[in-house]
Amino acid sequence: MLKRQAICCVTSFICCYLEQVSCIEVSVMARIPKRILVHSFQYHEYLKEDRNHKPLYDIPVEVTNCRADFATIYSRDTSEKKIVAECLIFCYNDHTRPFVAFKEQSKIILEGREMVIKKAIPIYEPYTKRLFSYELECL
C-alpha cells in the first residue's frame, strides 16, 4: 500500500511539473529494426534528357538495407482506373546505405525488374527538419 501511494505521489508531481512546463514537447519516430530491411536495388539517378528526348542517367549506385513491397496501387476516377505504382520502397536514414536524396524519374533495378521512380516522398521527424525516410513509388 505504501508503494502505491509513493508511485501516485511521484506521478502527480510529474504531471504538475509537465503542466507548468508546457513548452516542452517530446515526440519520437519509431525506429525500424535493421533485420527487416532485406532488400537492395541499383539506383540510376536521373540527370536530364538528351537531344532525342531520351533520359540520361548517372552511374548506378547499389542501395542496401531498404524495404520493398510489391503491391499495385490504383487511382480511380469516374471513367477509368489507372495504375499509380507497382512497388513501394522504404529507405530509412538510420540504416539505408547510401541514403541519398532520391529523385523522381530516376531508374531503379530491383530483383531484376527495371522501374522508374514516379514519386519520392520525404518523411521528416516531428518538430525537426531531420529527414527520417523516403517513400518511393515506382512504376
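Points worth noting:
- Note on the range 83-139: with charges restricted to the Cβ of Lys and Arg (+1) and Asp and Glu (-1), its dipole about the Cα centre is near 200 debye.
- Here the range 27-138 is treated as a sphere whose radius is the Kirkwood value from Cα pairs; by Stokes-Einstein at 4 °C and 1.567 mPa s it diffuses with a coefficient of 85 µm²/s.
- With the simple spin-label model, which puts each label point 7 Å out from Cα in the Cβ direction, the E111 to D50 separation comes to 3.2 nm.
- Semi-axes of the equivalent ellipsoid for the range 98-139, computed as √(5λ) from the eigenvalues of its C-alpha gyration tensor and ordered from largest down, come to 24, 10, 8 Å.
The numbers here are math on the coordinates, done by the rules we state, and not lab data. None of the values given here were measured: they were computed from a predicted structure. Because the Cβ atoms are built from the backbone with ideal geometry, glycine has one as well, and the counts that use them run over all protein chains shown.
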